[in-house]
Amino acid sequence: MRTFLIIILFPFTFLAQEVEIKHLSDNINSLGAELNFIQITDSLAYFTVVSDDEGVLESSIYKSILKADEWGKKRYSKYNSDIYNTANLNSSIKEFSFFTIGNKETLDCKIVFFDHKKNNGYKVIDAIIKEGFINTQPHLTRHKNQKALYFVSDRNGGFGGLDIWVSIMDDKGSFGMPINAGNKINSPYDEITPFYNNHDGKLYFSSNRNQEKKGFDIFKSEGNLNLWKIPTNVKELNTKQDEMYLTFYSKNKGYFSSNRKEAKYLSDQYCCNDIFSFEYPKKEQDSIVLLQKTHEYLPLSLYFHNDEPDCCTMKTTTDKTYKDSYIDYFQMKDEYMIQNPNNESFFTNELQESYNKLSKVFELLIADLNNGHKIELQVKGFASPLHNTEYNKNLSQRRISSLINYLSQYRAGIFADFIAAKQLTITELSFGESQSSEKVSDNPNDKKKSIYSIDAMRERKIQIIDVILKD
């Protein structure tokens with residue numbers, strides 16, 4: 001019985017003046033325990049429900065739909081089983097959902113994943129499972145180009161009690177050997193419910209290291225993998241009771257579980273965790289001001305070397321990012337200078353300056369998206385007239401694809417969730433060569449004019465034409 005309680009774990013919180021905390025309605029909370037509420041989209045959330053069936057604890061994953069700012073009645077989800085208890089769903093990487101399954105009789109638990117592309121049931125992650133030990137509470141996130149799975153275990157090699165561990169996921173979906181998150185995160189006591197918040201670059205988790213309180217508090221620490229700063233107590237969310245399973249949906253909104261006095265229970269003793277939402281006050285700039293600042297950089301031209309990215313193909317997409325193309329192009333400066341000494345100003349005043357402006361536009365977009373706005377990004381693609389029209393149109397689309405790839409990876413994937421939730425949309429307008437200047441040569445044998453001339457260099461580009469608020 002104790003083992004299963006540790007696997008699931010129950011939480012609680014504190015109302016501070018600067019944070020609005022709300023107890024979710026009876027559609028979500030019950031006399032049992034509700035844990036790990038994770039909002040996936042603007043209208044969909046999953047959470048764990050623990051119930052007592054004649055002295056036997058059972059857990060299942062439920063879902064709820066948000067309508068008119070109210071979460072609807074919980075519904076049984078596709079992640080459940082007649083054989084196993086299921087709990088602790090994490091779905092921050094959209095192609096996979098990770099969660100815990102536990103044998104109802106032996107209380108053994110394993111971390112599994114559900115591949116949405118194949119839809120063929122649970123797959124146990126053998127690389128991180130250690131038999132005879134707890135393996136639970138998976139959380140998959142990104143650190144730049146790396147996918148990292150954080151989880152909780154009491155296996156050997158830790159600092160005592162339950163520790164947070166991490167495993168790196170490669171491009172093929174394989175997991176590396178788990179490493180301990182280190183002594184900044186872990187202690188001789190229990191550390192549980194990890195959640196990495198891409199909005200502020202911090203790992204949130206709960207720990208009972210404060211032995212004077214003898215309960216779980218929420219902590220946060222900046223860093224990644226096993227390199228972390230000393231954690232700080234998130235005092236505005238903590239009380240004398242237990243707080244855990246904190247998740248963020250946006251920069252200032254999220255959820256946690258708690259057994260505070262507002263939670264439903266059968267006895268006078270605080271028993272069972274309920275779900276609470278929290279919202280920090282927005283420290284936002286006026287959206288009109290943000291939009292005006294963004295428009296100061298538009299239209300923003302982003303330039304490419306000839307027939308890049310991915311030359312000599314009819315594909316309309318690429319695996320490269322615009323940053324990759326920019327670096328490759330900038331490193332060719334000497335070659336361009338040999339062909340035309342006047343090209344130096346282009347590399348400094350146009351290629352490099354436009355790349356720097358792109359980062360400023362991205363930061364303004366992030367500020368507006370974090371304020372809850374829906375944004376449409378309108379992008380045009382261009383090509384010089386060195387090939388036929390169909391080829392150049394596809395090349396222009398590859399160039400737009402490289403920008404989308406860069407967006408998806410920027411700042412540890414901060415745009416990825418906005419794109420997945422359709423809060424950020426990209427409208428692609430591919431123009432091929434049809435807009436190219438008549439000054440640009442289409443003679444492949446005259447490379448000085450068709451490739452290395454300023455006119456040709458200015459044609460090989462995409463442009464961010466407009467940024468539009470949709471709400």
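Listing for the model above:
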item: Partners for K117 among lysines (Cα-Cα distance below 22 Å; same-chain residues under 8 apart left out); result: K63, K78, K94, K147, K172, K422
item: Whole-Hz couplings from phi, Karplus 6.51/-1.76/1.60, listed for the range 191-196; x for Gly and Pro; result: 10, 9, 6, x, 8, 8
item: In sequence order, calculated HN-Hα J values of the range 456-466 (Karplus, 6.51, -1.76, 1.60; Hz; x Gly/Pro); result: 5, 5, 6, 7, 7, 7, 10, 10, 7, 7, 7
item: Percent of beta bridges antiparallel (DSSP, the chain, rounded to nearest 5); result: 95
item: More than 30 angstrom apart: percent of Cα pairs within the chain; result: 52
item: DSSP bridge orientation in the range 287-469 - percent antiparallel, rounded to nearest 5; result: 60
item: Backbone HN-Hα couplings from phi across the range 392-408 [Karplus 6.51/-1.76/1.60, Hz, Gly and Pro as x]; result: 5, 5, 5, 4, 4, 5, 4, 5, 5, 4, 5, 5, 4, 4, 5, 4, 5
item: 26 Å Cα-Cα threshold exceeded, pairs from K235/K264; K74/K220; K333/K449; result: K74/K220
item: Surrounding net charge for G381, when Lys and Arg each add one and Asp and Glu each subtract one, Cβ distance under 9 Å; result: +4
item: Per-peptide average of other Cβ atoms within 10 Å, ordering 73-83, 402-412 highest first; result: 402-412, 73-83
item: Kirkwood Rh (inverse of mean 1/r, distinct Cα pairs), the range 2-279, angstrom; result: 18.6
item: Sum of side-chain charges, P231 neighbourhood, beta-carbon under 11 Å (Lys, Arg +1; Asp, Glu -1); result: +2
item: Local electrostatic count, E34, Cβ distance below 10 Å [Lys/Arg +1, Asp/Glu -1]; result: +1
item: All aspartates and glutamates inside 17 Å of K22 as judged from Cα atoms, apart from same-chain residues fewer than 8 positions distant; result: E34, D69, E70, E236, D242, E243, E262, D274, E279
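Bear in mind that the values in this text are calculations on the coordinates, not laboratory data. Quantities reported herein were computed from a predicted structural model and do not represent experimental measurements. Cβ: placed from backbone, ideal geometry, glycine included. Neighbour counts: every protein chain shown.
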